[in-house]
């Protein structure tokens, strides 16, 4: 049976004080839980942010779910693992 990989989108601003921390958290969760990460710099893709109704940074989008703020690695990993059980 093929492993399902979930697409995770992280909306950030490189200008943010939490940029590197959030990026490491989300990358770590993706590696351990098998997700594919797209990092979107908000100023580079305002069209995508508008389409997905992103109103605050950082925002993590996993499927239909979104998380605003600095997510913990364990929390993200559990979300990704939960999607894999569907």
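Rounded to the nearest 500, what is the 222 nm mean residue ellipticity of the chain from helices alone, with -39500 (n - 2.57) per DSSP H run of 4+ residues and division by all residues?
-11500 deg cm²/dmol, from helical runs alone.
Please determine, in degrees from 0 to 90 and to the nearest 10, the orientation of helix 73-84 with respect to the longest principal axis defined by the Cα atoms of the chain, where the helix direction is its Cα long axis.
50 degrees
Return one number: the angle in degrees, 0 to 90 and rounded to the nearest 10, between the long axis of the Cα atoms of helix 19-33 and the longest principal axis of the Cα atoms of the chain.
20 degrees
At a threshold of 8 angstrom on Cα-Cα distance, excluding pairs fewer than six apart, so keeping six or more, what relative contact order does the chain reach in percent?
Relative contact order for the chain comes out at 40 percent.
If packing is taken as the average number of other Cβ atoms within 10 Å across a peptide's residues, how do 25-31, 37-43 rank, most packed first?
Highest mean packing first, the order is 25-31, 37-43.
Bear in mind these aren't lab numbers, they're just calculated from the coordinates by the rules spelled out. Since this is a predicted model, take the numbers as computed values, not measurements. Glycine also receives a Cβ, built like all others from the backbone with ideal geometry; neighbour counts cover every protein chain displayed.
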